[in-house]
Amino acid sequence: MKVTVIGLGLIGGSMAMDLRKTGLATRLTGVELNKDHASRALTLGLVDEILAPEEAVPLSDLILVCIPVSAIQQQLKHILDLISGGAVVVDAGSTKSLICAAARDHPKRQQFVAAHPIAGTENSGPEAALEGLFRNKVNIICERELSGKEPTAVAQRVFDTLQMKTTFMDPYEHDKHVAYVSHLSHVSSFLLGQTVLDIEKDEKNIFTLAGSGFASTVRLAKSSPDMWAPIFEQNAGFLQQALEEYIAHLKRFQQCLVNRETDKVRDILTRANDIRRVLSGIELNQEKLPIENSKATIEK
């Protein structure tokens, strides 16, 4: 199968790496506006060539769109305009409502599959690509009813090849839930990092005291601003709700500290400990989640 990957960072590069290794992709073409990233992707062997979208897309059986969500929203119609025959377009954006809306009225909407493979690290660029990044992770497909049967089967085979477990959601529900379990944690990490950096201007020894707990908490603050700023913008409505609830909890905790109400602080921490049960349940459910295997025959 001839595959074009648009965007050769962590997600696009990791997909290219695994699709090449498994043999699903017989030819890999990259589309990358950043010249340094394009050069490094070629050097690393992530793709066989770099072409403009107008050259690459019409020659491809599968187009994986792995660019920032704002760029996906802007470019999706143009990409669909360029595809030929039964080619399939799959995006990997971590917001879905605006992306789905951008494609909804396109005459080739059935050839588009709106997906969110939930995987990643705090690193970016072609060097961040990792073999097996998606293994045993969850993939979300939205608006399955608007995608054709064959394109859905093609996308499913790709995610099966990446060893992901696929489930299906409404884009509204998807964006609501990721605001809490993904986007809020990134905001928290970014702003904790900023808070400590501001203090560090006057307290030069603060990082001497930073241990593994601090490092793990602010790890996400090393993520790419070019990727995350558009995500926050596209999901601003749900993220605002999540932030309001988070800030309310912070204010309650602050008030307990001001009042020296140690028992109430302990109660807050004890209730928060229940996240262990929730996370254990998530891990168990993910283990039980069936992989939606595709039986489609795909020409290579």
For this session: Using the structure shown, decide if residue 76 is in a loop (DSSP other than H, G, I, E, B), surrounded by 21 or more Cβ atoms within 10 Å (Cβ to Cβ) and within 21 Å of the chain's Cα centre (by Cα).
Result: no
Exercise. Quick one: is residue 215 assigned to a loop (DSSP other than H, G, I, E, B) and surrounded by fewer than 17 Cβ atoms within 10 Å (Cβ to Cβ)?
Worked result: no
Seminar exercise, completed: Residues of the stretch 18-73 being open to solvent by 70 Å² or more (accessible area, probe 1.4 Å), of a type outside the set (A, V, I, L, M) and assigned to a loop (DSSP other than H, G, I, E, B), in sequence order, are 26
Exercise. Would you say residue 91 is out of contact with any helix residue (DSSP H, G or I) (no Cβ under 8 Å at 6 or more places or on another chain), under 20 Å from residue 172 (Cα atoms) and without any contact (Cβ under 8 Å) to a residue 60 or more places away in the chain?
Worked result: no
Seminar exercise, completed: Taking the stretch 1-17 and keeping residues touching a strand residue (DSSP E or B) at 6+ places or on another chain (Cβ under 6 Å), of a type in the set (S, T, N, Q) and assigned to a helix (DSSP H, G or I) leaves none
Problem set entry | Candidate set: the stretch 218-267, residues that are part of a helix (DSSP H, G or I) and β-branched (Val, Ile, Thr); chosen: the one surrounded by the most Cβ atoms within 10 Å (Cβ to Cβ) | 231
Exercise. Just to be sure, is residue 166 β-branched (Val, Ile, Thr) and open to solvent by 30 Å² or more (accessible area, probe 1.4 Å)?
Worked result: no
For this session: Count, please, the residues in the stretch 233-245 that happen to be touching a helix residue (DSSP H, G or I) at 6+ places or on another chain (Cβ under 6 Å) and not aliphatic (A, V, I, L, M).
Result: 3
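The values are calculated or read from the model by the stated rules, or taken from the named source; none is laboratory data. Since the model is a prediction, treat every value here as computed from it, not as a measurement. With ideal geometry, Cβ positions are generated from the backbone for all residues, glycine too; neighbour counts draw on all protein chains shown. Calculation scope for accessible area: heavy atoms of the full protein, side chains included, ligands and nucleic acids excluded. Shrake-Rupley method; radii C 1.70, N 1.55, O 1.52, S 1.80 Å.
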